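Read the figures in this text as sums done on the coordinates, not as results from a lab. In this text the structure is predicted, and so the values were computed from the model without any measurement.
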Amino acid sequence: MAMIEPLTKTETEAPARTLSRRTFLRSGALAAGGVAALADRLLAAPYDPVPGHTGIARPVRIRGMVRAQGRGVGRVAVSDGLQVVDSDADGRFELVTSADRGFVWVRVPAGYEIPTNPSGTARFYERIDPGQSEMSVAFDLAPLDVSDERHALLLLGDIQTETGEEMARFHERSVPDLRQAVRELGDVHVFGISDGDIMFDNLELYPEYERGVSRIGVPFFQVIGNHDLDMESRTDEGSTDTFSRHFGPRYYSFDRGAVHYVVLDDVFWHGSGYLGYLDADALTWLAADLDRVEAGAPVIVATHIPVLGSYHARQGRRSPDPPAAVMNREALYRLLEPFRAHILTGHTHELEHVFEGGAHEHVAGAICGAWWSGPICHDGAPNGYCVYEAAGEEISWRYKSTGFEATHQMRIYPPGSDPSAPDEIVANVWDWDPEWTVRWFADGDPRGLMARRPGRDPQSVELHSGDDLPAHRPWVEPRVTNHMFYAPAAAGVAEVRVEATDRFGRVYSETLRLP
C-alpha cells in the first residue's frame, strides 16, 4: 500500500459537527419543507430566468485560439455557458459574453488529452475578467498518446468528507483501490468524474480531495452537489463560488472517443435550502451543445441529484420530494431524446437503475457508504464506485466495491436473516437491473430463478437501525431496496449457491454453507 502523507494540524482539526437526525433532515437531501411552492413556480416555466437573476452585466468581447502543437484546431466548440461557438479552420473564435458569465471554456475534443491543474483536476476553462471589456484566450491541446475510442470512466459518488479523519479514510481506503483499478484497466485512456457531494459542507477540505486526485493519477472532472455549496449565499449563483474557484464552471461538456459527456448542476439553492432543478441558462446552453452531437450517438450526462430515482415509489408515494429529484426533468428528457442517453447520478447513497423518458439513469453507490459510518450504503451495497468502459459506441459498466475484487457483486444471507421471510435465503444483488438474471442452486442442483421483492438488507438493518446506530451518524437508517432476491430454504441442503448474470453476460456467484 502506498504511504499516506499525514494531514496537517489544520486539516485534522476541521470541525467535527455531530448532526442530529432533525438537523440533517432539515439541511440534507430529504428535507422538502419550504421548497414546494418554489418548485411549483419553477415547473410552471422551466426555461424562464431563475428568481434573483437580473440578467444585466457589462459585455466582454473574447477573441481566442484553440491550438495543438502550435497549430490551430478547427471545429472545436467554445462556450460561456449560454452560447456556443466553433473555432474556424485556423483555430480562431470570437464571442461577446458578459462579465457575470464567470468562465469561458473549450469542449475538449476526442483524441486530445484532458488539460489539468497540477493536482490532476480538469482545467479546460479560463475565468472571465469582469474588469475588462475585451479579452484574449488561448486553449492549448495535446494529442493523446493512445486512442480514446476505448476508454474508461471512474465515477465517484458522494465522497462526502466532513473531517480530517474521514478524509484520511478516503486516502487510506478509496484512493489505493482506485489506483489499482487504473492499473487493471491497462493501456486504455482513463479519466474520472466525482459526482457531487465531494465535501460534507466543510469546503476547506477541497485541497485534500485534490491531493487524492493527484495520487489516483488520472484527470478528474467535478460535479457540484448540495453539500458542496456556500450555504451562506442568498442566491443560487453565489452558492457555487468556492466550488468554482477550485474546479471552474458548474456545467460543461467534453468528448472521449465516440461518446459525448455532459456535466450538469441540478442543485438549485434558494437561500435556505435546495431542490433539484436545471436553470434556464443551463438548458439553453445544453440545447446548443447537443446541436453539435450526431443523433443516435451515446451521450452520458453526469449530475448529482437523481433526475427521478425510485425512492419515492419505494415509500409508496406517487412523486418525489423537490430535493430528491429534478423537478423539471421533462425538459432534460426532451433534449436527450435523439441520443442513446445515460444519466449518472448520486445523492442517495444507494444503487439503482431507472428507465424513464427514453434515458437510462444510473444512481451510483457512495465512496463514503452511509457517510463513513461503516462498510456499506443504506441499501447494503458496499462502499465503492462505478467503472464505465466504452469501446466505440458500446458502453458497459460495473460497480466496484472498495477492498473487494471486481467480481464481488452480491451478498447472501441464511434463512431467518429477514424477519419478513424467516424461511427464505436472501441475496442482495446491488447493481441489478432488469437485464440481469439471478438463479440459485441447492447442493449443486439448479432450482431456478430467485424471486425479487422489495426488502431491506439484513446487514444494513443490523448496523443502521435505531436512534443510536450507527454511532458515527445516528440518523442513518436502512432503506427498502428493489434489488433483494429470495428463495425457499430446502430441508437437508448443506450448500446454496447464487449465480447472477449481468446484461453483458458476465457471471458472478457466491456460496453459502448452511448449518
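Find the centroid of the Cα atoms in the stretch 228-304 and in the stretch 490-504, then give the distance between the two in whole Å. For the stretch 228-304 versus the stretch 490-504, the Cα centre distance is 43 Å. With the convex hull of the Cα atoms taken as the outline of the chain, the averaged projected area works out to 24.4 nm².
Couplings for the stretch 376-389, taken from phi via the Karplus curve 6.51 cos²θ - 1.76 cosθ + 1.60 with θ = phi - 60°, read 9, 7, 3, 8, x, 5, x, 3, x, 8, 10, 10, 10, 10 Hz in order; Gly and Pro are left as x.
For R92, the amide hydrogen comes within under 5 Å of the amide hydrogens of V66, counting only partners 5 or more places away or on other chains and with H modelled in the peptide plane. The phi torsions of the stretch 365-370, fed into the Karplus equation with coefficients 6.51, -1.76 and 1.60 and a -60° offset, translate into couplings of x, 9, 4, 8, x, 8 Hz, rounded to whole numbers, with Gly and Pro shown as x. Each residue of the stretch 159-169 was assigned a 3J(HN,Hα) from its phi angle through the Karplus expression (A = 6.51, B = -1.76, C = 1.60, θ = phi - 60°), giving 5, 6, 8, 10, 10, x, 5, 5, 5, 4, 5 Hz with x at Gly and Pro.
Of the three principal axes defined by the Cα atoms of the stretch 222-282, the extents in descending order read 41, 23, 18 Å.
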